[in-house]
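Everything below concerns the one structure shown next.
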Amino acid sequence: MLDYQTLLEKTCQHVEPLSHQGEVATYIPALAEQKKGQFAIALQTTDGKVYSAGEVSNKFTVQSVSKALTLTMALQRYGDDLWQRVGKEPSGTAFNSLTQLEFEQGKPRNPFINAGAIVTADALYSRLSAPIHAVLEKFRAQSGNSNVVINRTVANSEYQHRYRNAAMAYLMKSFGNFDNDVEKVLWSYFNYCAIEVNVVELAKTFSYLSNKGVCLQSGEQVLSAKQTKQLNSLLFTSGLYDAAGDFAYRVGMPGKSGVSGTIIAVLPGQFTAAVWSPGLDSYGNSVAGIAALEYLAEHINH
Ligand code: GLU
């Protein structure tokens with residue numbers, strides 16, 4: 001049997017030099033305070049066991065990884081109707097591109113670029129009476145930690161510097177693909193991004209993606225097995241910004257990254273992994289995080 005604990009410890013040693021590389025995100029001032037040289041990894045296997053190594057208790061905001069959970073919650077409520085408002089194709093452009101959105105008349109390419117996640121947040125806003133609370137509670141239930149909170153400093157900082165995301169949302173509104181008050185939806189979106197966890201909590205939150213849609217903490221059938229496979233396919237083609245192809249080639253697993261330097265990766269039927277290391281490459285993905293998942297994939301003979 002594979003010794004995951006030893007493998008994660010070796011992964012930490014392997015990527016330590018890389019954790020000093022890259023640049024931390026600075027476009028959100030509160031994120032610029034993160035220090036490079038930190039690394040943590042965790043995984044939860046489908047039999048419920050948890051393994052972790054590195055700076056496991058350090059907290060970080062989930063950023064774009066929240067997009068996988070808000071998409072899940074929107075699919076629970078709208079099913080395939082959601083795809084009338086957002087596409088399923090890789091974008092081939094930066095995660096915050098405005099030109100593509102203009103060209104394609106306000107329908108974002110996929111739910112993992114910012115415009116796609118903001119329109120998904122708008123859809124959720126229509127169906128939830130307290131959307132921020134509902135998404136936070138989902139993180140709490142699925143991570144198994146009822147004390148997960150939102151980092152208000154990061155949420156406020158993102159809202160204050162929302163110009164580009166606001167431009168995308170207003171552009172979608174001008175095309176008729178936005179139902180609610182733009183500012184209120186943006187505030188909810190930034191709060192989702194500012195939910196704060198450690199790697200163990202994050203791996204557990206997404207356990208349903210490797211477990212045919214059933215969360216290992218809450219026991220809930222979060223998505224059907226078919227929807228889970230569909231969501232994993234979208235993560236595989238579009239989850240790593242404009243570097244999804246490179247990640248698929250190097251790691252071979254569905255994944256989702258965030259600008260705080262975190263990435264989740266899913267090996268269906270086996271485990272959900274989460275890594276965190278704040279130094280980012282030019283695509284906005286964690287340098288050590290990708291290298292760690294590549295090392296992990298190599299050593300499980302996947
Ligand atoms: N909150 C960030 C933004 O909207 C998320 C970006 C990311 O992690 O890709 O700009």
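Bear in mind that the values in this text are calculations on the coordinates, not laboratory data. These numbers were taken from a predicted model, which means no experiment stands behind them. Neighbour counts run over all protein chains shown; Cβ positions are idealised from the backbone, glycine included.
Per-structure values
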item	result
Total charge dipole magnitude, the chain, about the Cα centre, Cβ charges on Lys, Arg, Asp, Glu only, Debye to nearest 20	520
Selection from SER91, VAL148, TYR125 lying farthest towards where the dipole of region 84-179 points positive, charges on Cβ	VAL148
Overall form of region 192-268 per C-alpha gyration tensor (a/c, 1.5; a/b vs b/c)	oblate
Phi-based couplings in Hz for region 240-256 (Karplus 6.51, -1.76, 1.60; Gly and Pro marked x)	10, 6, 8, 10, 4, x, 5, 5, 4, 5, 7, 10, x, 10, x, x, 9
Size of charge dipole - region 193-302 - debye, nearest 20, with Cβ of Lys, Arg +1 and Asp, Glu -1, no other charges	400
Candidate aspartates and glutamates for bridging to LYS226, where Cα separation is under 19 Å - those fewer than 8 sequence places away on the same chain excluded	ASP80, ASP81, GLU89
Cα pair distances in the chain, grouped into 10 Å bins until the bin that holds the longest one, percent each	7, 31, 39, 20, 3, 0
Listed residue (VAL287, GLY245, LEU267) projecting farthest to the positive dipole end of region 229-302, Cβ model	LEU267
Separation of alpha-carbon centers, region 258-302 and region 169-228, rounded to whole Å	19
VAL149 long-range amide H proximity, modeled H, under 5 Å	GLU196
Highest-fluctuation residue, ASN58, ASN198, ASN177 considered, GNM on the chain with Cα pairs under 10 Å	ASN58
For the chain: relative contact order, % (alpha-carbon pairs under 8 angstrom, 6 or more apart)	27
Calculated FRET value between ARG250 and HIS299, using beta carbons and R₀ = 22 Å, to 0.05	0.95
Residue-averaged [θ]222 nm for the chain, counting only DSSP H segments that reach four residues, each worth -39500 (n - 2.57)	-13000 deg cm²/dmol
HIS133 paired with ASN156, simple spin-label distance in nm, labels 7 Å along Cα-to-beta-carbon	2.2
For SER129, net neighbour charge (Lys/Arg +1, Asp/Glu -1) across residues whose Cβ lies under 14 Å away	+2
Linear extension gain, ASP81 paired with SER57, 0.36 nm per residue minus alpha-carbon span	4.7 nm
Difference of contour (0.36 nm per residue) and Cα-Cα distance, GLN5 to HIS20	3.1 nm
Nearby lysines by direct alpha-carbon distance to LYS59 (threshold 17 angstrom, same-chain neighbours under 8 apart not counted)	LYS35, LYS36, LYS204
Cα gyration tensor category, rounded, prolate or oblate, for region 18-143 with a/c compared to 1.5	oblate
Relative contact order, percent, region 25-77 [alpha-carbon distance under 8 Å, six or more residues apart]	21
Cross-link reach list, aspartates and glutamates versus LYS212, counting only Cα pairs under 13 Å and skipping chain neighbours closer than eight places	ASP47, GLU220
